[in-house]
1. Considering only region 212-221, I want to know if a residue exists there that is out of contact with any His (no Cβ under 8 Å at 6 or more places or on another chain), in contact (Cβ under 8 Å) with a residue 12 or more places away in the chain and within 25 Å of Pro158 (Cα to Cα).
2. Of (1) without any contact (Cβ under 8 Å) to a residue 24 or more places away in the chain; (2) surrounded by fewer than 17 Cβ atoms within 10 Å (Cβ to Cβ), Cys361 satisfies all except one. Which?
3. Checking Gly60 against (1) in contact with a helix residue (DSSP H, G or I) (Cβ under 8 Å, 6 or more places away or on another chain); (2) at pLDDT below 95; (3) not β-branched (Val, Ile, Thr), which single condition isn't satisfied?
4. Identify all residues within region 322-358 that are buried (at least 16 other Cβ atoms within 10 Å of the Cβ), farther than 22 Å from Ala205 by Cβ and in contact with a Cys (Cβ under 7 Å, 6 or more places away or on another chain); write none if there are none.
5. Just checking, which of Arg114, Arg119 is surrounded by fewer than 15 Cβ atoms within 10 Å (Cβ to Cβ), under 26 Å from Ser301 (Cβ atoms) and in contact (Cβ under 8 Å) with a residue 12 or more places away in the chain?
6. When only residues in region 25-67 that are in a helix (DSSP H, G or I), assigned by TED's automatic domain parsing to the domain that holds Asp98 and among the hydrophobic types (A, V, I, L, M, F, W, C) count, which is surrounded by the most Cβ atoms within 10 Å (Cβ to Cβ)?
7. Among the residues of region 225-250, how many are in contact (Cβ under 8 Å) with a residue 12 or more places away in the chain and assigned to a helix (DSSP H, G or I)?
8. So which residues in region 88-99 are charged (D, E, K, R) and either in contact (Cβ under 8 Å) with a residue 60 or more places away in the chain or in contact with a Lys or Arg (Cβ under 8 Å, 6 or more places away or on another chain) (or both), if there are any at all?
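The values are calculated or read from the model by the stated rules, or taken from the named source; none is laboratory data. All values reported here derive from a predicted model rather than from experimental measurement. Heads up, the Cβs are rebuilt from the backbone with ideal geometry, glycines too, and the neighbour counts pull from every protein chain shown.
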Amino acid sequence: MNFRTGNVLTPGGLVAGRLEIGEDGRVAAVRGAPLAESAARDGSDPLLVPGFIDLHVHGGSGRDIMEGGDAARAVARCHAAGGTTALLATTMTAPPEDIRAAFAALAPVCSERRANEARVIGVHLEGPYINPGKLGAQPDFACPIDLDEVRRLHAQAPIRVVTLAPEMDGHLAAIPALRDLGIRVQLGHSLAGYEDGVKALAQGAAGFTHLFNAMTGLHHRQPGLSGAALAHAAYAEIIPDLLHVHPGAIRVALRAIPGLFCVTDSTAAAGMPDGDYRLGRHTVTKCMGGVRLPDGTLAGSTLTMDQAFRNLVEVLNLDLADASRRVSTHAADFLGLTDRGRLVPGAWADIVVLDRDLKVCEVLVEGRPVRG
């Protein structure tokens, strides 16, 4: 039996005591006395929170998921160091042969986690089933959905999330078929109006991709896809780097969407110095804290989930429990994972140990420490 002592954030609140880890890498028990958050933040004992779960990761440490080869393993190591214990490797809009090559490389990574890596729990297929008029930083290879191609890719490496634009021909009708495959549909990279979004939710769409970014905005006479999310969504992802979305807009989304969860949308530039990096078939530049195309369009981020957690607590003033849900539990719930995103007996011992400044001291993935 292994254990960690400190202030443990459980679904029922903070507990001052210890978290016991079984030989199977799962939480065996949490023992101790209830503790107020103010006491936890003022004291010197470490804070143990559920491992972060990031459902939108393109790259890190200079590597891009679309490279294939061992890129995904390098990305998984990069983000594990920042407290991400589970992630979705996220592909770009690209020609079919590029996407197939990326999936071929992802198949073994999804089936076997190696030491010091975050668990890659599947793939987020972000395009190519998007609107060519709302590419954002996606390369110009958008196309209508091909369900046979999705099935072939899904058989190779598990697709957990597909982003699509619901207004494109055939896309509304494809949503139930994707649901039948066990795939969550998110709406994004879209010129859809409010009504299109509502129809897509009625068909079974489950969420929204990087809320507010690369979608029609909210206007009081044209609520847009953003308005459909704020009015009706149970879940949506958002990028809390404070560059993609203003803190005030994040506050609006927090009040409106119960299961709002954070993603990084990180690129190869995450964890790297300023300079040029790959994002699918694009070259992007990291400078002034962001990542951009030559025309200035935001092109993913350099965010890591530990910084996302700090932004929620220190800038948006969320309490520790709510912030933890936004970087962990809600994402797990969105995917239907009951054994991740919470520190309870039987769940995987995915743990981030933080100091009083919420900086990462230690990360455990499935009970095993990540070594830097």
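1. Scanning region 212-221, I find no residue that is out of contact with any His (no Cβ under 8 Å at 6 or more places or on another chain), in contact (Cβ under 8 Å) with a residue 12 or more places away in the chain and within 25 Å of Pro158 (Cα to Cα), so the answer is no.
2. Result: Cys361 fails condition (1) only.
3. (2)
4. Val327, Val353, Leu354 - these are the residues of region 322-358 that are buried (at least 16 other Cβ atoms within 10 Å of the Cβ), farther than 22 Å from Ala205 by Cβ and in contact with a Cys (Cβ under 7 Å, 6 or more places away or on another chain).
5. Going through Arg114, Arg119 in turn, the sole match is Arg114.
6. Taking the candidates together, the pick is Ile65.
7. Counting residues in region 225-250 that are in contact (Cβ under 8 Å) with a residue 12 or more places away in the chain and assigned to a helix (DSSP H, G or I) gives 11.
8. Applying the first criterion (charged (D, E, K, R)) to region 88-99 yields 97-98.
Residue satisfying the conditions is Asp98 alone.
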